[in-house]
Amino acid sequence: MHNKNNLKGWLYLLPALVFVGVFMVYPLIDVMVYSVEEGYNFASQSYNGVGLYNYSYVLHDPYFLQAIKNTFILVMITVPLSTTIALLISLALNSISKLKDLFQTIFFLPYVTNTLAVGLVFMILFKKTAYSDGLINMFVNLFGGRSIDFITGSYSAKMFVMCLYTIWVVLPFKILILTSALASVPKVYYSAAEVDGTGSFRTFYKITLPMISPMIFYLVITGFIGAFKAYSDEVALFGTDLNSAGMNTIVGYIYDMLYGNSGGYPSFASAAAIILFAIVLTITVINLMVSRKVAVK
Amino acid sequence: MKNRAKITKNAFIYLCLTLWAVIVLFPFYWMLLSSIKSYSSYNREYTPKFYATSPTLSNYADAFTSVPLSRYLLNTLIFTVITTAVMLIVITLAAFAFARLDFAGKDLVFTLFLALMMIPNELVIITNYVTITDLNLRNTFTGLILPSVTSVFYIYLLKENFAQVGDDLYKAAKVDGTSDMRYLLKVLIPICRPTMITIVILKVIECWNSFVWPRLVTDKQDHFLVSNGIQEIRESGFGRENIPAMMAAVVIISLPLIILFLVFHKKIMEGVATGGTKG
């Protein structure tokens, strides 16, 4: 009887085990093997040695260094900025009752839309062509500035659009999480603060912030992870050839090594993927340590 | 005096929220607006106008005739339906095994599954690409669908939900001689339907927007999904700079999800919020 149940349990689990085994566990081991196979040839599937050459190649590749730089700038700008903006918007949302649902629904809309489709619209809004300087430049001119080529122009202009679009894309999730976190702070605390005559800034700093800080840390951690994996938003803005646009990201570098004109190097791609994983893991551990320290305080 | 300060503060809050709403909605307005401007009038506007002088629907006709847009839509539909259906069967069986059945090694496997939730897709996609290429499954639906089925997180979500259904129901079913499969189909699934619907909606959104995997395993247009279609349209679609036709295509591609969102926005937002706190 007991034995039969054993079999049944595994039987129900079997489809999931097959999928997870073939498409997650095996690849996980395989990617480490790839990353140390030197001179791997995709066509003949042979290699001529084992070592760390792939890592050293990737770490010396100017395209990879550019991708690292781009990704770090993107992360350092968008994570703090988007979390702060999301907090401000959520506080505003939480202080109103009329139209709250409507605003909340509108703010969440970008989450469900295809980022490549909307990215194309952003590209058109910012792009400067021979026929038109584009809508954004119209405003730039209005305030006395000279037209800027945001899509094919200077590095900082491109980085500006990239960060702006990333923030536009990631905000819906953060606003949703923070709004529900704020709504779950018990009203009693606020009433008590009001009775004591506590100022609104002090109330925020002493009551609201500590109550929602776990959620803020959660958003910062997932925000870091998400931003380090940025890729499709960049493709939407600058096209698939991100290396020549100088706007590649780490994930973009991995895919370029794998596929397309520059592709066919799964071992370089694997080394880059493992470096990315190491970076994300380190940052996450640091984040967790900081959040624990703050929580203990 | 205090009242007036409060009104001013409220007005300021509403102003800020409205401003952000405009920023969120503006790209959608702009894609709709550009899609109804004719090619010649769009290109004549050195300074873009906020309205269309002579609206036309011809761009929509162009979008369907000069690029295989209906093909992309159909492909995405097939991909989304099959991936979601297969995933639902796989995760339901697994969640049931974890929540209800007793077998040796269950806790170990479950812990392993939880650990896998932390593995980023980028790490496994390289080998999956090689696997699918070696199996000669590039440019096939099988190749597109198989690696997209796996979803450890949804197994976890559904297992938690299944486990909330009380023991007494299961014991009563056992006394009546109901088989496990029958109990799952007739009792558990109807009770947990809300969670399952949420999972389905979230998976549909994920499938409709997926870009990276389809880009890796398809390079022929007859198996492109909409995201790859957009990229193709952008890079070589309507000839030089036919932005109105491009925008018409973008509107058509965005519409299904926007409708889905308008109908199910409560459910979607709830689902993402729970998924978020548990992720």
Q: Take the Cα gyration tensor of chain A, multiply each eigenvalue by 5, square-root it, and list the three semi-axes largest first, rounded to whole angstrom.
A: 39, 32, 19
Q. With axes computed from alpha carbons, what is the tilt in degrees of helix B:106-116 against the longest principal axis of chain B, rounded to the nearest 10 within 0 to 90?
A. 20
Q. By how many degrees, between 0 and 90 and to the nearest 10, does the Cα long axis of helix B:152-164 differ from the longest principal axis of chain B?
A. 50
Q.
What Kirkwood Rh does region B:2-58 have if only Cα atoms enter the pairwise 1/r average? Answer in Å.
A. 13.9
Q. If one takes the longest principal axis of the Cα atoms in chain B, at what angle in degrees, from 0 to 90 and to the nearest 10, does the Cα axis of helix B:121-134 lie?
A. 90
Q | Across A:Lys174/B:Lys266; A:Lys229/B:Lys267; A:Lys187/B:Lys267; A:Lys69/A:Lys128; A:Lys158/B:Lys49; B:Lys106/B:Lys186, pairs whose alpha-carbon gap is larger than 19 Å | A | A:Lys229/B:Lys267; A:Lys187/B:Lys267; A:Lys69/A:Lys128; A:Lys158/B:Lys49; B:Lys106/B:Lys186
Q.
Would you report the distance distribution of C-alpha pairs in region A:1-51 as whole percents per 10 angstrom bin, up to the bin with the largest distance?
A. 22, 28, 22, 16, 11, 1
Q.
For region A:9-137, compute the orientation-averaged projected area of the C-alpha convex hull (one quarter of its surface), in nm².
A. 16.9
Q. Aspartates and glutamates near A:Lys206 by alpha-carbon distance under 14 Å, same-chain residues fewer than 8 away left out - which ones?
A. A:Glu194, A:Asp196
Q. Could you give the semi-axes, largest first, of the ellipsoid that matches region B:145-279, computed as the square roots of 5 times the alpha carbon gyration tensor eigenvalues and rounded to whole Å?
A. 41, 16, 12
Q: Please build a GNM for chain B, connecting alpha carbons under 10 Å apart, and tell me which residue among B:Gly229, B:Gly177, B:Gly143 fluctuates the most.
A: B:Gly177
(Q) Using a 10 Å cut-off around each Cβ of peptide A:21-30, what is the average number of partner chain Cβ atoms that fall inside? (A) 6
Q: Output ³J(HN,Hα) for region B:205-219: one whole-Hz value per residue in order, computed from phi by the Karplus curve 6.51 cos²θ - 1.76 cosθ + 1.60 with θ = phi - 60°, and x for Gly and Pro.
A: 4, 4, 5, 4, 8, 5, 10, 5, 4, x, 5, 5, 9, 10, 10
Q: State which helices in chain A qualify, where a helix is a whole DSSP H run, it must extend 20 Å or more along its own axis by its Cα atoms, and its mean Kyte-Doolittle hydropathy must be at least 0.0.
A: A:2-20, A:62-94, A:155-183, A:209-228, A:266-296
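Provide the FRET efficiency to the nearest 0.05 for the A:Lys293-A:Ala183 pair, computing r from the beta carbons and using R0 = 22 Å.
On the way: r = 27 Å, r/R0 = 1.25.
So the FRET efficiency works out to roughly 0.20.
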**Q.** Highest-fluctuation residue, B:Ala52, B:Ala61, B:Ala172 considered, GNM on chain B with Cα pairs under 10 Å
**A.** B:Ala172
Q) Separation of region B:29-51 and region A:14-29 by C-alpha centroid, Å? A) 49
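Which value, in Å³ per residue, describes the convex hull spanned by the Cα atoms of the protein assembly as shown?
Looking at the protein assembly as shown, the number lands at 193 Å³ per residue.
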Q) Excluding same-chain residues fewer than 8 positions from B:Lys37, which aspartates and glutamates have a Cα within less than 12 Å of its Cα? A) B:Glu45
Q: Just tell me how shielded B:32-44 is by partners: mean number of partner chain Cβ atoms within 10 Å of each residue's Cβ, no decimals.
A: 1
**Q.** Candidate lysines for bridging to B:Lys6, where Cα separation is under 19 Å - those fewer than 8 sequence places away on the same chain excluded
**A.** A:Lys98, A:Lys100
Q: Given the options B:Ala115, B:Ala11, B:Ala63, state which has the largest fluctuation in a GNM of chain B using a 10 Å cut-off (strictly under) for Cα springs.
A: B:Ala11
Q) Over region B:2-58, what is the relative contact order in whole percent, taking alpha-carbon pairs under 8 Å and six or more residues apart? A) 30
**Q.** Cα-derived Rg to Rh of region B:67-237, Kirkwood definition
**A.** 1.06
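Read the figures in this text as sums done on the coordinates, not as results from a lab. No experiment lies behind these values; they were computed from the predicted model shown. Counting neighbours? That spans all protein chains shown, and the Cβs are built from the backbone with ideal geometry, glycine included.
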